[in-house]
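The values are calculated or read from the model by the stated rules, or taken from the named source; none is laboratory data. Quick caveat, the model's predicted, so the values are computed rather than measured. All Cβ positions, glycine included, derive from the backbone under ideal geometry; neighbour counts span all protein chains shown. Heavy atoms of the whole protein, side chains included, go into the accessibility calculation; ligands, DNA and RNA do not. Shrake-Rupley method; radii C 1.70, N 1.55, O 1.52, S 1.80 Å.
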Amino acid sequence: SKAAFKCLAVLLAIANSNARMRPFPSHATAFAARTGAKHPIVLAPMLAHTTPRLCAAAANAGVVAFEGAGQLGKDVLVSRIRETQAMLNAGAVFGVNLFVPSGFYTDPSSWTEPQAAAVEVARERYEGYLSELSGEAAGTAAPSLSREEHQAVFSGQVDALLETGVKLVSFHFGWPDAAEAGRLREAGATLQGCATTVEEARWLVDQGADAIIAQGAEAGGHRGTFIDAQDYRRALVEVVPLVRGIADAVDVPVIAAGGIMRGGDIRAVLEAGASAAQLGTAFLSCPECGTSKMHREALLGYGGEGRDASEPLPTVVTLGYTGKPARGLQTDRALRMADLEGALPNCFNGMLAGRTLQAAALQQGRKDAAYLWAGSGYARSRAMPAAALVETLVAEAQSSSRSD
């Protein structure tokens, strides 16, 4: 097939360039050695996309692989972890990412009147959208869990990590309370936090973070901003300057995330001071990934391998998909919600119908009605198995010149 031929061509190019390889910077090599990974590369946690098969393939290829727990219950998470662990080779490095409840839920009683009004308008629009898709009146979205119920789910997730022996944990949307972090610490886990500003990085280190994930503005999926989260756009800092600022401000390793699609991008963030590069969008087109057919076609339909000369769809960061700011392809769904952007509260429970609409859109293949996560560099996506992608990225990063 054309994809197989492309993959073979890339691997042959790698073989021919071995003599010109440059090693990774010493601080990156040291970080990889401390984690037990072969390469200073991290597979980003992408809920509903990072399957056990993808995590195992990436980890077995020598990178650190993360599963995204999102809001999965304990039993489901235990099952996914054990499925992944059963496929791991000896020495493969696997971790789990958790969403911190205090960073994605806000009490409706704290919303301003304009925020509450915007939530109601968003609900009506989404229910109208659902009616368009189904041809009948949409039902009311399920009510949100309370803060206490979300915290109970989080505690169950920590139980799952302890039960399965996971020793590498990262947090999104802030940092957990001292009791939950302490439980993981006592079990010998290494804990990482996600920062979108230097201020957040300093705060996370004060809480005890062993490493900081510097999430640049280019990153796809949900933004991790948790300090002054309502004003999240001030924290849209490009990854290279963000890495430089955080590396200068803290004394723990920094992992760069955002827009990293090729080996040259990896080299750039490592030379800016990062100890590792975290990639998500680059892995969405791997056959082991759980990316939907519609999503995969949208990523690969432009740019990356010259399949289509059209201009790529732009990406946009918006609250209009899930209630939390996230970067994805700018579909009609985002445009319909654009006028509410400045009014909605920054929380999942302000957009309860979002997941219901997503499920309907995916079922019917309606790209216009879906959210399709993608980093700003998605047009350089490549369809190849995870192990081949890792080998390609490493060779590109160690080549004598930066890859485009």
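Working only within segment 182-216, note down all residues that are in contact with a strand residue (DSSP E or B) (Cβ under 6 Å, 6 or more places away or on another chain) and β-branched (Val, Ile, Thr).
Answer for segment 182-216, where residues must be in contact with a strand residue (DSSP E or B) (Cβ under 6 Å, 6 or more places away or on another chain) and β-branched (Val, Ile, Thr): THR190, THR196, ILE212, ILE213.
Here's the yes/no breakdown for (1) farther than 30 Å from GLY377 by Cα; (2) charged (D, E, K, R):
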{"residue": "SER144", "(1), (2)": "yes, no"}
{"residue": "GLU149", "(1), (2)": "yes, yes"}
{"residue": "ALA152", "(1), (2)": "yes, no"}
{"residue": "SER155", "(1), (2)": "yes, no"}
{"residue": "LYS167", "(1), (2)": "yes, yes"}
{"residue": "GLY193", "(1), (2)": "no, no"}
{"residue": "THR225", "(1), (2)": "no, no"}
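Please give the strands (runs of 3 or more DSSP E) falling wholly within segment 1-102 in which 3 or more residues are open to solvent by 10 Å² or more (accessible area, probe 1.4 Å) and at pLDDT 95 or above.
Numbers: elements: 41-43, 64-68, 93-99.
Strands (runs of 3 or more DSSP E) meeting the threshold: 93-99.
Across segment 335-354, what is the number of residues that are open to solvent by 70 Å² or more (accessible area, probe 1.4 Å) and without any contact (Cβ under 8 Å) to a residue 60 or more places away in the chain?
Within segment 335-354, the first condition is being open to solvent by 70 Å² or more (accessible area, probe 1.4 Å), and the residues that meet it are 335-336, 339, 342, 352.
Of the ones still in play, those that are also without any contact (Cβ under 8 Å) to a residue 60 or more places away in the chain are 335, 339, 342.
Counting residues in segment 335-354 that are open to solvent by 70 Å² or more (accessible area, probe 1.4 Å) and without any contact (Cβ under 8 Å) to a residue 60 or more places away in the chain gives 3.
Could you tell me whether segment 69-76 includes any residue that is more than 18 Å from the chain's Cα centre (by Cα) and farther than 29 Å from GLU148 by Cα? Even if it seems obvious, please write down each step before you answer.
As a first pass, look at segment 69-76 and keep what is more than 18 Å from the chain's Cα centre (by Cα): 73-76.
From the residues that got through so far, the ones that are farther than 29 Å from GLU148 by Cα too are none.
Within segment 69-76, not a single residue is more than 18 Å from the chain's Cα centre (by Cα) and farther than 29 Å from GLU148 by Cα.
Return a yes/no flag: does segment 186-208 have any residue that is open to solvent by 30 Å² or more (accessible area, probe 1.4 Å), over 30 Å from GLY259 (Cβ atoms), in a helix (DSSP H, G or I) and out of contact with any Pro (no Cβ under 7 Å at 6 or more places or on another chain). It would help to see each step written out before you state the result.
Keep residues of segment 186-208 that are open to solvent by 30 Å² or more (accessible area, probe 1.4 Å), which gives 186-188, 190, 198-199, 202-203, 205-207.
Imposing the further condition that a residue be over 30 Å from GLY259 (Cβ atoms) reduces the set to 186-188.
Within this subset, residues satisfying the condition of being in a helix (DSSP H, G or I) are 186.
When the remaining residues are screened for being out of contact with any Pro (no Cβ under 7 Å at 6 or more places or on another chain), the result is 186.
Scanning segment 186-208, I find at least one residue that is open to solvent by 30 Å² or more (accessible area, probe 1.4 Å), over 30 Å from GLY259 (Cβ atoms), in a helix (DSSP H, G or I) and out of contact with any Pro (no Cβ under 7 Å at 6 or more places or on another chain), so the answer is yes.
Within segment 282-290, is even one residue at pLDDT 95 or above, in contact with a Ser or Thr (Cβ under 8 Å, 6 or more places away or on another chain), open to solvent by less than 20 Å² (accessible area, probe 1.4 Å) and not hydrophobic (A, V, I, L, M, F, W, C)?
Checked against the condition, which is being at pLDDT 95 or above, in contact with a Ser or Thr (Cβ under 8 Å, 6 or more places away or on another chain), open to solvent by less than 20 Å² (accessible area, probe 1.4 Å) and not hydrophobic (A, V, I, L, M, F, W, C), segment 282-290 yields at least one hit.
For residues that are surrounded by fewer than 24 Cβ atoms within 10 Å (Cβ to Cβ) and of a type outside the set (Gly, Ala, Ser), tally how many sit in segment 219-247. Steps first, answer last, please.
Just the residues of segment 219-247 that are surrounded by fewer than 24 Cβ atoms within 10 Å (Cβ to Cβ), to begin with: 227-238, 240-241, 244-245, 247.
Cutting the leftovers down to of a type outside the set (Gly, Ala, Ser) gives us 227-228, 230-234, 236-238, 240-241, 244.
The qualifying residues number 13.
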